[in-house]
Amino acid sequence: MNRRYFLRAAGVSLALPVLEHFLPRCYAAAGAQPIRRMVCMNTNLGIYPGHLFPAMAGRDFESTPYLDIVKDHREQMTVFSGVSHPEVDGGHATEASFLTAAPHPGSSSFRNSISLDQWVAEKLGATTRVGSLVLTSNEGNASLSYNRSGVMLPADFKPSVVFKRLFVEGTAREVEQQVTRLRDGQSIMDLVTDQTKRLQKQVGAQDRERLDQYFTSVREVEERLKKSEEWTQKPKPKVAVQPPTDITNRLDVIGRTRLLYDLVHLALQTDSTRLATIALFGLNAVPVVQGVDQDWHNLSHHGKDPAKIAELKLIEAAQLAALNDFLAKLKATPEQGGTLLDHTMVLYGSNLGNAASHDNKNMPLLLFGGGFRHAGHLAFDQQNNTPIGKIFVSMLQRFGFETEHFASGKGRITGLELA
Amino acid sequence: MPLARNIFVFAVYASLLVPSFAAPASGSFAKSVQPFFEQHCFDCHDGSEQKGGLNLEALKPSFDSPEACAQWTRVFDRLERGEMPPPKKSRPPTDQQKAAMQWIGLSVFDAETRRHASDGRAAWRRLNRNEYQNTIRDLLFVDVDVKAMLPEDGLSGGFDNVDAALDVSAIHLEKYLEAADAALDVAMVKTPKPESRSQRYSFLDDKREVGKSIGKQILALPDAAVFTNEVYPPKRLDGFRAPVAGRYKFRMSIYAWQSPRSLPAMIYAGSQNPQRGKTELTRAFDAPPGQPTVREWIELLERNDTIRVVTSGPSKGFNDPVESYKGPGLAVQWVEVEGPLVGEWPPASVAKLIGDLNLAKGTMADAETVLRRFMLRAFRREVSAAEMQPYFDLVREKFDQSGSFEEALRMGLKAVLVSPDFLFFKAAPGKLDDYALASRLSYFLWSTMPDDALLALAAKHQLTAANLRQQVERMLADPKAQAFTNNFTALWLKLRDIKATMPDKKLYPEFDELLEWSMVSETHEFFDEVLRRDLSLLSFVQSDFAMLNSRLAEHYGIPGVDGLGFRKVALQPEWHRGGVLTQAAVLKVTANGTNTSPVVRGAFFLDRILGRPAPAPPKNVPAIEPDTRGATTIRAQLEKHRDVELCATCHSRIDPPGAALESYDVIGGFREKYRAMTDYRNRVPGRQYGYGLPCETDAALTDGRKFANLDEFKSLLLSDATTRDQIARNVTEKLLTYATGHALDFADRAAVTDILNRIKTKNYGLRTLLHEVVQSSTFRNK
């Protein structure tokens, strides 16, 4: 623990976040496009549809038990119904396709494709200290984010570790060691590049493809190591917040979720990243939620038993209450002439439309903030669903990317205009 | 390739039951296939209809890519199995169908055979996470959880060790760099030798929850504390906390008190704060009745970890007086802990890696010696001086620049650990050279790098057929072979999903972790037994024995099994057990924790046991939503489903085995009626459930033969020679896939048939099969 850090921990606040200080100069200029950000969450045991979807479409929908919880943000919210990823089937397996829309994740020959956040991360490059935050609420490293090769990026699970990476300045010696390690990494990449070139001459077409994959990866890592080296030598933003203490009780899902939300808020506020995904995993166990005493996964297979649905509601409501607080925090953070919520698209949903039957149609999906003219309840056909990829196209365009496609989505979603 | 081609052709026509087949006619696409498609297929599969997403008009007679071959293989299979044209359409004349299949079959065969010759069958692939972890362990002699640092591996065709699943991308490489650092941190440890000590603890002296509960929830005997099956207080060994991470040896003296039978002592190791971290059931021991017995084991602990002891059986009753308790309990006399176990110092990793070199004073020549030795093992082959030179250069540059021998050496080692030569299985097309063969064998049976003995044989070019046989036997006898049983069953029978669901505790209050642990062990033990005794592959469908311990026997209602050790038990028909389909682990991974679905289990049977998977359900068909309120049966719901013609084709195959398996609940218990939470009449005393509707397990095979339950279903399967062959073929295919790291191509069917013919005369023995796989040309070629 270094000195400054010690003082801060002892309650001696040295500096409040000075956001403008960390923003690239061009954005500070008047009239420039605001910085856009995006946070995506998938809760993988579904959201009970009976408590979520309003009966009526449009801005004047009559609220529902779940939407009541986030009612403070009604003006900044669109709830979609009748949407799903076409040909994305296979029950629980579809969590892999939540942000990628890759078809048939349950099939034996499934290959994933790039996720929405990584698509953007590729474009943004090393604009921020970390390209994107890839987080999970659970042990293990499963995430929602996939790279261009369809490989799942390992998620960070401990908020304390991410906090340290983003906000805690190492000692001069630590920084130097880190820089040495990164430089060594670059030299090693040079060496394996040569090795790979040598091997490329010896192989058939099929293996060359694999080797090319490796070769491309080496180039990419070299680039990233260089950027990391630059960032390592820049000071980290100072934040007047206690570093988080990880919650080690895996049953305290809501507590863990809240810690992750706080971390994301801080990361966005300091422009340490502009992208985050959080895989919110359900449990095959009883979560710490007042009044719940049955296994969560089991409750999601409620078999229409009203008692189980009532318990399930307690869990899902607690999740939404945490989301509501996150949104409130974003809204309470002024920046760029508005609030953080104005510039952050927050997507919250589930890969399961009906968890009880593992149905992947009619997925629950909520979009908050981010600079849209929100439409209340956008209802599409329950039988013939609209591709969620179209919502993703709208989000990409909101970022300022001129694209008309994302996976199975062609063109923007109708009814949701940019603000 | 004329021989293989002939075998292949024979195989094709044998399956068509046309044994009197003469030489293949040299048909053409335009003559044999095009008109056949037009006449019999285009009604549904032309450009405008495209039923099931298949447009045969667009299917080009080209076989350039593996994808095209796979597509044509699907067409061939549908024809061969008589699934297409569908039963309601008119049958094509046999000679026309034969001609079409012959052209398709030989075209795919020839194309794949050419590709196997030019590129090799299996593509280069990287190590998967398991293999990486094990290889680091054996290469550096360290225990580091590097697996957790790496991205999850994908599955292809259900396997995580096949080429198609093992792409590499930047994130892998980044993580390999980090993992290499983590492993080298441990391997090149410089800290002084940790102090090891040994101490004996008694729960009677405990100062915390256990101590405070003595005389209340815990009984004190003069020589032991007695635990019954209660949650509170947690029976933590609070006197001991691991001072540093490492291995600790435990010795514990236990016996079963007031009990005619043994009681289990389950050990949970890890962070013991109930609000913190994981505690895992790491092992379980028997406490024999009345007879103090010392159990000894070694536990890998993090700093501040300790253990917890749990037993099962009756609970005393939280507030019932201790004095009047007459039931059984687990008596724990004492627990001794020794550790951390340090062994030699510096540890083996340092000794074997750098010998007695002084890291502070090493020279470039020393570095070269260390690296040379390391690369031979890391690359699992001979490495030329020219190949080594760049690594030496890298180390020299770092040495010159930093002046630190240690840093320079470390950088060289790290470079080796991220190089393609370490990370990839590499082989040239054609016959595998000795080293590549040694690697393939080692990763097949051990999931790790070849050991010195295997590498030595490779170096001497002595991996002959006879030696391979010897090596297989030697390797199976090694504890590392447990990796084969565990990984293969994890993939083939989906046991890796064992924790995917937690059974509903109101419906299945008897479920506990000891049962889950026993379930997985049962299937492992069963597989091992079949392998050890070279029993028939058909044992996986039906066996007259089971491998059981007391917990499972109790669960299955089988008397006379005392103690947690697994043993072979001869089965009686009235127990309704035998084979893997009635094993609790398989039944659990095919259920969701609350209810079973005949569709899920039926599909599992077709895919994993019969090797004839049902295609994915068509688009826009909603899944059945289970209803546990007890009023409707799953069969009633399924019958509605089956009335639709679109669904009927597949569901007539899926539903019957699924129905038969309805006799087994979500944790593998045998049942005649469903347990239900509501709408029930006969509530079970002391339980929150009652019995609802009876299970309907009778059904008929597609050929009309009827069966009443799973026992009869299995008999029908095994009474039929073609089905027996198919079951054996399926295991053979799965094993060959796992062994060679490549899903079976169409052209590989000849090799499978060849292997099958050899093992058929030897009662389809599993060990025989394993040897035949290793001896096969498929295994010995790239």
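The values are calculated or read from the model by the stated rules, or taken from the named source; none is laboratory data. Keep in mind that this is a model prediction, so the values were computed, not measured. Methodologically, a virtual Cβ is constructed for each residue, glycine included, from the backbone with ideal geometry; neighbour enumeration extends over all protein chains shown.
So, of the residues in region A:233-257 that are closer than 25 Å to B:GLY270 by Cβ and outside any loop (DSSP other than H, G, I, E, B), which turns out to be nearest to the chain's Cα centre (by Cα)? Please lay out each step first, then the result.
Here is the first cut: in region A:233-257, the ones closer than 25 Å to B:GLY270 by Cβ are A:243-257.
When the remaining residues are screened for being outside any loop (DSSP other than H, G, I, E, B), the result is A:253-257.
Numbers: A:VAL253: 17, A:ILE254: 17, A:GLY255: 18, A:ARG256: 15, A:THR257: 12 Å.
Among those that are closer than 25 Å to B:GLY270 by Cβ and outside any loop (DSSP other than H, G, I, E, B), it is A:THR257.
Taking the conditions exactly as written (among the small types (Gly, Ala, Ser), within 19 Å of B:ILE667 (Cβ to Cβ), under 29 Å from the mean Cα position of the chain (by Cα) and modelled with pLDDT of 90 or more), does B:GLY593 satisfy them or not?
No.
Given the conditions (1) touching a strand residue (DSSP E or B) at 6+ places or on another chain (Cβ under 6 Å); (2) part of a loop (DSSP other than H, G, I, E, B), which single one is not true for B:PHE713?
(2)
Taking region B:211-262 only, how many residues are buried (at least 17 other Cβ atoms within 10 Å of the Cβ), over 26 Å from B:SER550 (Cβ atoms) and of a type in the set (A, V, I, L, M)?
The number of residues fulfilling the criteria is 2.
Would you check which residues across region A:381-411 are assigned to a loop (DSSP other than H, G, I, E, B) and farther than 17 Å from A:LEU124 by Cα and list them?
A:ASP381, A:GLN382, A:GLN383, A:ASN384, A:ASN385, A:ILE388, A:GLU404, A:ALA407, A:SER408, A:GLY411, listed by residue number.
Mind checking which residues of region B:753-779 are outside any helix (DSSP H, G or I) and within 24 Å of the chain's Cα centre (by Cα)?
B:TYR764, B:GLY765, B:SER776
Are any residues in region B:443-454 more than 17 Å from B:SER776 (Cβ to Cβ) and surrounded by 21 or more Cβ atoms within 10 Å (Cβ to Cβ), and if so, which ones?
B:TRP446, B:SER447, B:THR448, B:MET449, B:PRO450, B:LEU454 - these are the residues of region B:443-454 that are more than 17 Å from B:SER776 (Cβ to Cβ) and surrounded by 21 or more Cβ atoms within 10 Å (Cβ to Cβ).
Considering only residues that are within 13 Å of another protein chain (Cβ to nearest Cβ), surrounded by fewer than 18 Cβ atoms within 10 Å (Cβ to Cβ) and farther than 23 Å from B:PHE540 by Cα, which ones fall in region B:478-504?
Once the filter is applied, which keeps residues that are within 13 Å of another protein chain (Cβ to nearest Cβ), surrounded by fewer than 18 Cβ atoms within 10 Å (Cβ to Cβ) and farther than 23 Å from B:PHE540 by Cα, region B:478-504 yields only B:ALA500.
Looking at A:LYS197, A:LYS236, which one is away from every other protein chain (no Cβ under 12 Å) and of a type in the set (Lys, Arg)? Don't jump to the end; show me each part of the working.
Values: A:LYS197 fails: away from every other protein chain (no Cβ under 12 Å).
Only one candidate passes the filter, namely A:LYS236.
Quick one: how many residues across region B:577-601 are part of a loop (DSSP other than H, G, I, E, B) and within 14 Å of another protein chain (Cβ to nearest Cβ)?
The number of residues fulfilling the criteria is 6.
Could you list, in sequence order, all residues of region A:305-356 that are of a type in the set (A, V, I, L, M, F, W, C), more than 21 Å from A:LEU268 (Cβ to Cβ), part of a helix (DSSP H, G or I) and in contact (Cβ under 8 Å) with a residue 24 or more places away in the chain?
A:ILE309, A:LEU312, A:LEU314, A:ILE315, A:ALA317, A:ALA318, A:ALA355, A:ALA356
For region A:168-223, give me each residue that is farther than 29 Å from A:PRO237 by Cα and acidic (Asp, Glu).
A:ASP190, A:ASP194, A:ASP207, A:GLU209, A:ASP212
With respect to the numbered conditions (1) outside any helix (DSSP H, G or I); (2) away from chain A (no Cβ under 14 Å), which one is the sole condition not fulfilled by B:ALA427?
Every listed condition holds for B:ALA427 apart from (2).
Evaluate region B:279-298: report whether one residue or more is part of a loop (DSSP other than H, G, I, E, B), of a type in the set (Lys, Arg) and under 26 Å from B:GLY339 (Cβ atoms).
No.
Anything in region B:103-143 that is crowded, with 19+ Cβ neighbours inside 10 Å, acidic (Asp, Glu) and under 18 Å from B:LEU445 (Cβ atoms)? List them, or say none.
B:GLU131 - this is the single residue of region B:103-143 that is crowded, with 19+ Cβ neighbours inside 10 Å, acidic (Asp, Glu) and under 18 Å from B:LEU445 (Cβ atoms).
Please state which of the following conditions B:LEU531 fails to meet, knowing it meets all the rest: (1) surrounded by fewer than 23 Cβ atoms within 10 Å (Cβ to Cβ); (2) under 30 Å from B:TYR255 (Cα atoms); (3) in contact with a Leu (Cβ under 8 Å, 6 or more places away or on another chain); (4) among the aliphatic types (A, V, I, L, M).
Of everything listed in (1) surrounded by fewer than 23 Cβ atoms within 10 Å (Cβ to Cβ); (2) under 30 Å from B:TYR255 (Cα atoms); (3) in contact with a Leu (Cβ under 8 Å, 6 or more places away or on another chain); (4) among the aliphatic types (A, V, I, L, M), B:LEU531 misses just condition (2).
Quick one: is B:LYS98 exposed (fewer than 14 other Cβ atoms within 10 Å of the Cβ) and over 38 Å from the mean Cα position of the chain (by Cα)? Walk me through it before giving the result.
Numbers: exposed (fewer than 14 other Cβ atoms within 10 Å of the Cβ): no; over 38 Å from the mean Cα position of the chain (by Cα): yes.
Answer is no for this residue.
Just give me the residues in region B:130-173 being among the basic types (Lys, Arg) and out of contact with any Ser or Thr (no Cβ under 9 Å at 6 or more places or on another chain), in sequence order.
B:LYS147
Here is a list: B:GLY270, B:GLY339, B:GLY313. Which entry is within 14 Å of chain A (Cβ to nearest Cβ), within 34 Å of the chain's Cα centre (by Cα) and surrounded by 14 or more Cβ atoms within 10 Å (Cβ to Cβ)? Before you say what the answer is, go through the steps one by one.
Details: B:GLY339 fails: within 14 Å of chain A (Cβ to nearest Cβ); B:GLY313 fails: within 14 Å of chain A (Cβ to nearest Cβ).
The unique qualifying residue is B:GLY270.
Considering only residues that are surrounded by 20 or more Cβ atoms within 10 Å (Cβ to Cβ) and either within 11 Å of chain A (Cβ to nearest Cβ) or among the polar types (S, T, N, Q) (or both), which ones fall in region B:180-192?
Passing the criteria: only B:ALA180.
Only one of these conditions is not met by B:TYR435: (1) away from chain A (no Cβ under 14 Å); (2) closer than 30 Å to B:GLY362 by Cα; (3) in a helix (DSSP H, G or I); (4) not aliphatic (A, V, I, L, M). Which number is it?
Unmet for B:TYR435, out of (1) away from chain A (no Cβ under 14 Å); (2) closer than 30 Å to B:GLY362 by Cα; (3) in a helix (DSSP H, G or I); (4) not aliphatic (A, V, I, L, M): (2).
What's the number of the condition A:SER115 fails, among (1) within 12 Å of chain B (Cβ to nearest Cβ); (2) in contact with a strand residue (DSSP E or B) (Cβ under 7 Å, 6 or more places away or on another chain); (3) of a type in the set (S, T, N, Q); (4) touching a residue at least 24 places away in the same chain (Cβ under 8 Å)?
(1)
Which residue out of A:GLU139, A:GLU87, A:GLU122 is more than 24 Å from B:ALA603 (Cβ to Cβ), assigned to a loop (DSSP other than H, G, I, E, B), within 13 Å of another protein chain (Cβ to nearest Cβ) and of a type in the set (Asp, Glu)?
A:GLU139
Determine which member of the set B:ALA750, B:ALA743 is assigned to a helix (DSSP H, G or I) and crowded, with 18+ Cβ neighbours inside 10 Å. First the steps, then the outcome.
Values: B:ALA743 fails: assigned to a helix (DSSP H, G or I).
Step by step, each of B:ALA750, B:ALA743 is checked, and only B:ALA750 is assigned to a helix (DSSP H, G or I) and crowded, with 18+ Cβ neighbours inside 10 Å.
Quick check on this structure: which one of A:TYR146, A:TYR214 is touching a helix residue (DSSP H, G or I) at 6+ places or on another chain (Cβ under 6 Å) and either buried (at least 21 other Cβ atoms within 10 Å of the Cβ) or acidic (Asp, Glu) (or both)?
None of the other options fit; the residue is A:TYR214.
When the residues of region B:481-515 are narrowed to those that are basic (Lys, Arg) and assigned to a loop (DSSP other than H, G, I, E, B), which ends up farthest from B:LEU548 (Cα to Cα)?
Just the residues of region B:481-515 that are basic (Lys, Arg), to begin with: B:494, B:496, B:499, B:505-506.
Next, from what is left, pick out any that are assigned to a loop (DSSP other than H, G, I, E, B): B:494, B:499, B:505-506.
Details: B:LYS494: 20, B:LYS499: 20, B:LYS505: 24, B:LYS506: 26 Å.
Here the residue is B:LYS506.
In region B:42-67, which residue that is within 26 Å of B:THR113 (Cα to Cα) and either touching a strand residue (DSSP E or B) at 6+ places or on another chain (Cβ under 7 Å) or in contact (Cβ under 8 Å) with a residue 24 or more places away in the chain (or both) is surrounded by the fewest Cβ atoms within 10 Å (Cβ to Cβ)?
In this case the residue turns out to be B:ASP64.
Please identify the pairs in which a residue from region A:81-104 that is over 19 Å from A:ILE413 (Cβ atoms) has its Cβ atom under 7 Å from the Cβ atom of a residue that is in a strand (DSSP E or B) and among the polar types (S, T, N, Q), counting only partners at least 6 apart or on another chain.
A:GLU95/A:ASN42
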